[in-house]
C-alpha cells in the first residue's frame, strides 16, 4: 500500500481489484463447467441411439416370430386340408 494515497482510495482500489479477480475466477469456472457439460452431453447422445437400436431390434424380432407362427399355422391348415 502506498503512503501517498489516502486510506479511502487504497480501500477502493483493493475492493475493485478483488472484484475483478472474483469475476475472472467465475468466468474460468463457468468455462470449465460448460466443457464438462458438453462432454457429458456427447456421452449421453451416443448412448441414446444404441437404446433405440435395441428397441427396434426387439420389435423386429417380435414381428419375425409372429410371421413365423402365422406361417406355421397356415402350413398346418394346408396339411389338414390335403388329408381330407
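Select, from 29, 68, the only residue that is surrounded by 10 or more Cβ atoms within 10 Å (Cβ to Cβ), under 22 Å from the mean Cα position of the chain (by Cα) and at pLDDT 70 or above.
Only one candidate passes the filter, namely 29.
Residues to consider are 6, 49; find the one that is out of contact with any helix residue (DSSP H, G or I) (no Cβ under 8 Å at 6 or more places or on another chain) and modelled with pLDDT under 70.
Just one listed residue meets the conditions, 49.
The values are calculated or read from the model by the stated rules, or taken from the named source; none is laboratory data. What you see is a predicted model; the values in this text were computed from it and never measured. Because the Cβ atoms are built from the backbone with ideal geometry, glycine has one as well, and the counts that use them run over all protein chains shown.
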